[in-house]
Every structure is written in C-alpha cells, then in structure tokens.
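Student: Before anything else, here's the structure in question.
The values are calculated or read from the model by the stated rules, or taken from the named source; none is laboratory data. This one's a predicted model, so the numbers in the text were calculated from it and none came from an experiment. Note that each Cβ is placed from the backbone with ideal geometry, even for glycine, and that neighbours are counted across all protein chains shown. Areas reflect the complete protein model, heavy atoms only, side chains present, ligands, DNA and RNA absent. Shrake-Rupley method; radii C 1.70, N 1.55, O 1.52, S 1.80 Å.
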Amino acid sequence: MSSPCDPKYAPVGDIGGALMMIDSRLKAIYDSKTETDSESDAEQQQMVEQFAASLGPTGIDELLDGTGTLIYSFMEWLRKACEDHDKDVIEYVVPALVATMRMMPKTFRPEVIPTMAGLLIAAGTGLSPNLWREQYGPWTDAEMTPLEATAVLLAEHINRVTDDQDFATRLITEALTRTDQTNQG
C-alpha cells in the first residue's frame, strides 16, 4: 500500500543549495571553527542568512525541501549500510543522534527534538521527511536551525562511519552527477 508520505510524491527541492550549507558547516566543524570561535561562528551565520535572504520566499521552501531530501538520502545510505551488518538503522542511528541533540541545547531546544527524531525515523522507514513533517503544518522559525543541524549531524555521522570527512558530500554530489548524466543522455 502506498503512503501519502512516499518519497515519490515529495518535491526534491534545492539539493545543491542545501548541500552547500551542510558542507560549509561540516568544514567549519572540521576546521575547529565551532562556537568557541564566536567571531567565525557569527561570520558563518551571517553568510548563511545572506544566502537564505537572497533566495526569496519560494527559494527558502526549495532549500527546506532540499534539506529534507538530504536527510532522506543520508538515512537511505545509512539504512543500507546497517542492513549490510544486520543492524536496524532506527536502532543504530536515531538514539545516537538524539543523544547528541540533547547535548546541544542552544541548537536543539527540547521541544524540537521529537520533530527532528521524527524526521529521522520517517526517512529511516522509507518515508519522505518533508511530507511527514508537512502533515503537522508549516515549518516554524524555531525548527530552521535544528533542521539544518540534523542534516549536518547525519552527514557527520556518515563521515565518521566511513572515516572520510568528505564522504557524505561526495555521496550526494556523485548522485546528482549521475542524475544529470541520465537526464542528458
């Protein structure tokens, strides 16, 4: 039986823009430019805000959809990797990421953690995180930073699992390249 939250019904969104933001955050983390370096963090946040402002209202929606698509793609890759080792992606990934979220109270206020966990579980069970979230109304301002951070945590988790700081970004760029080649040929 098909679900209304099936990914085939979901808009893909601006995957490139979302990936650029996620990759930028990952590079800042790996370069040790975290919140301890508040000047770099403020500069990073200002660049993200300028980028988001340049998108306009429909561009923001595209970026949100793109971020949801990244979360779905990352969870799909993790699901397949877990299955190769007879593990369940929900059991293996979600508790670790939720525990990390709980350790980041400035980024993940307690009331948004269930929503972010729901996105992960939806994606881990083969549902579109975007369509799953949509049934509860529009995204709230309070969910914007946690949404981005959830995608960053997933990408960083993949990078740690593969012991390659660029693996998650490369995974998506290669998939986008293959899609472009298929559409052109």
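Student: Tell me the accessible surface of S73 in square angstrom (1.4 angstrom probe, heavy atoms of protein chains only), to the nearest ten.
Tutor: 40
Student: Can you give me the convex hull volume of the Cα atoms of segment 74-128, divided per residue and expressed in Å³?
Tutor: For segment 74-128, the hull spanned by Cα atoms encloses 69 Å³ per residue.
Student: Follow-up question, since we're still on this one. Testing the spin-label approximation: label points 7 Å from Cα along Cα→Cβ at V12 and D88. State their distance in nm.
Tutor: In this crude label model, V12 to D88 measures out at 3.3 nm.
Student: Whenever you get a sec, line up Y136, Y92, Y9, Y30 from highest to lowest accessible area (probe 1.4 Å, protein heavy atoms).
Tutor: Heavy-atom accessible area, descending, gives Y136, Y9, Y92, Y30.
Student: Please go through segment 103-185 and write out the trypsin sites (Lys or Arg not before Pro) that DSSP classes as loop and that have at most 14 other C-beta atoms within 10 Å.
Tutor: Sparse-neighbourhood loop trypsin sites (Lys or Arg not before Pro): K106.
Student: Could you please state, rounded to a whole Å, how far the C-alpha centre of segment 68-104 is from the C-alpha centre of segment 1-15?
Tutor: A separation of 19 Å, based on Cα centres.
Student: Quick one: with all protein chains in place, what share of the accessible area of segment 101-185 is carbon or sulfur, to the nearest percent (1.4 Å probe)?
Tutor: Within segment 101-185, the accessible surface is 52 percent carbon and sulfur.
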